[in-house]
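Worksheet for the structure shown next.
The values are calculated or read from the model by the stated rules, or taken from the named source; none is laboratory data. All of these numbers come straight from a predicted model, not from anything done at the bench. Note that we place each Cβ from the backbone using ideal geometry, even for glycine, and neighbour counts take in every protein chain shown. Each accessible area value is taken on the protein alone, full model and side chains, heavy atoms only, with ligands, DNA and RNA left out. Shrake-Rupley method; radii C 1.70, N 1.55, O 1.52, S 1.80 Å.
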Amino acid sequence: MSSTAQRRRPPTAQQFVLDELRRAITSGELKPGTAIRQDALAERLEVSRVPLREALKILEGEGMVVHRVHRGYFVTELSLDDLREVYRIRELLEAEAVREACTRLSPALLDTLDEAERAVEEASEAGDVSAMAAANRRFHFALIEASGMPRLIRLISTLWDATDAYRSLYYVASPNRERVVHEHRAIVEALRAGDVETAVRHLDEHRAHAVDTLREILAAQ
């Protein structure tokens, strides 16, 4: 995990720890099932145990970590069935969000998607998994949030949080990163053409490819 000297601290210790833990999980530095050693982590981040505990409680509520009695916190580990269920629910909810967002499609939204996609592509070429995960989320949520349906957005966000640790496993391989870039471009092209159902289909294929690859990764482990 990066040193405090290398990263600019957010305004509060809790937010700083929260950002560092999220980055470590989404980048794959802390892999699914990894134990979070609170004493060592607090020392490394130069914070007390209080903001660390509060940050872990927030991440537990988001589904990114789990607490086990007498054992402490661990990065959430999901079975293949869990992943399939999460991605299936995402498929249903995101299709609704995207269809609604497309009724409000604007040049500004398309520009935002283009900007996020360029960030995904740059991170992909650099092999920066953490930056790619962040840019990928901006890309998808620019479209999801355009639905203007706050409850639906919160549900989808919770599902994304639960699988963040697995996104890095997918992005670590260059062919997977290249596929993501290609799929994002196809989604934007369909949206620019006003072809909503093709955009939804590309999104479905985008998720399916991730699940198929993760299935192979988990089977190998």
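Looking only at the stretch 63-80, how many residues end up being outside any loop (DSSP other than H, G, I, E, B) and aliphatic (A, V, I, L, M)?
4
Which numbered condition in (1) at pLDDT below 95; (2) under 19 Å from the mean Cα position of the chain (by Cα); (3) more than 30 Å from Ile58 (Cβ to Cβ) is the only one that Arg118 fails?
(1)
So Thr163 passes all but one of these: (1) without any contact (Cβ under 8 Å) to a residue 12 or more places away in the chain; (2) under 17 Å from the mean Cα position of the chain (by Cα). Which condition number does it fail?
(1)
Can you tell me which residue within the stretch 134-157, out of those that are under 17 Å from Arg22 (Cα atoms) and aliphatic (A, V, I, L, M), is most open to solvent (accessible area, probe 1.4 Å)?
The selected residue is Ala134.
Check whether at least one residue in the stretch 175-184 is farther than 30 Å from Leu30 by Cβ, open to solvent by 60 Å² or more (accessible area, probe 1.4 Å), out of contact with any strand residue (DSSP E or B) (no Cβ under 9 Å at 6 or more places or on another chain) and not small (Gly, Ala, Ser), and report yes or no. Break it down into steps so the answer makes sense when it comes.
So in the stretch 175-184, the residues farther than 30 Å from Leu30 by Cβ come out as none.
Among the residues of the stretch 175-184, not one is farther than 30 Å from Leu30 by Cβ, open to solvent by 60 Å² or more (accessible area, probe 1.4 Å), out of contact with any strand residue (DSSP E or B) (no Cβ under 9 Å at 6 or more places or on another chain) and not small (Gly, Ala, Ser), which makes the answer no.
Yes or no, residue by residue, for (1) open to solvent by 30 Å² or more (accessible area, probe 1.4 Å); (2) part of a loop (DSSP other than H, G, I, E, B); (3) within 26 Å of Leu159 (Cβ to Cβ):
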| position | (1), (2), (3) |
| --- | --- |
| Arg22 | yes, no, yes |
| Ile25 | no, no, yes |
| Ala42 | no, no, no |
| Val47 | no, yes, no |
| Val50 | yes, no, no |
| Ala55 | no, no, yes |
| Gly61 | yes, no, yes |
| Asp82 | yes, no, yes |
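If you take the residues of the stretch 154-208 that are touching a helix residue (DSSP H, G or I) at 6+ places or on another chain (Cβ under 8 Å) and of a type in the set (Asp, Glu), which of them is farthest from Leu143 (Cα to Cα)?
Among those residues, the one meeting the criterion is Glu178.
Would you mind finding the one in Arg201, Arg192, Arg151, Arg215 that is of a type in the set (Lys, Arg), in contact with a Leu (Cβ under 9 Å, 6 or more places away or on another chain) and over 19 Å from Ala116 (Cβ atoms)? Full working, then the answer.
On the way: Arg201 fails: in contact with a Leu (Cβ under 9 Å, 6 or more places away or on another chain); Arg192 fails: over 19 Å from Ala116 (Cβ atoms); Arg151 fails: in contact with a Leu (Cβ under 9 Å, 6 or more places away or on another chain).
After applying the criteria, what remains is Arg215.
Any residue at all in the stretch 97-113 that is under 30 Å from Glu189 (Cβ atoms), exposed (fewer than 14 other Cβ atoms within 10 Å of the Cβ) and among the acidic types (Asp, Glu)?
The first filter runs over the stretch 97-113 and keeps only residues under 30 Å from Glu189 (Cβ atoms), leaving 97-113.
Those left that are additionally exposed (fewer than 14 other Cβ atoms within 10 Å of the Cβ): 103-104, 106-108, 111.
Going one step further and asking which of them are among the acidic types (Asp, Glu), we end up with 111.
There is at least one residue in the stretch 97-113 that is under 30 Å from Glu189 (Cβ atoms), exposed (fewer than 14 other Cβ atoms within 10 Å of the Cβ) and among the acidic types (Asp, Glu).
Residues are listed down the side, and each one gets a yes or a no for (1) of a type in the set (Lys, Arg); (2) closer than 23 Å to Glu197 by Cβ:
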position: Arg88; (1), (2): yes, yes
position: Ala95; (1), (2): no, yes
position: Cys102; (1), (2): no, yes
position: Glu121; (1), (2): no, no
position: Ala126; (1), (2): no, no
position: Ala142; (1), (2): no, yes
position: Ile156; (1), (2): no, yes
position: Leu169; (1), (2): no, no
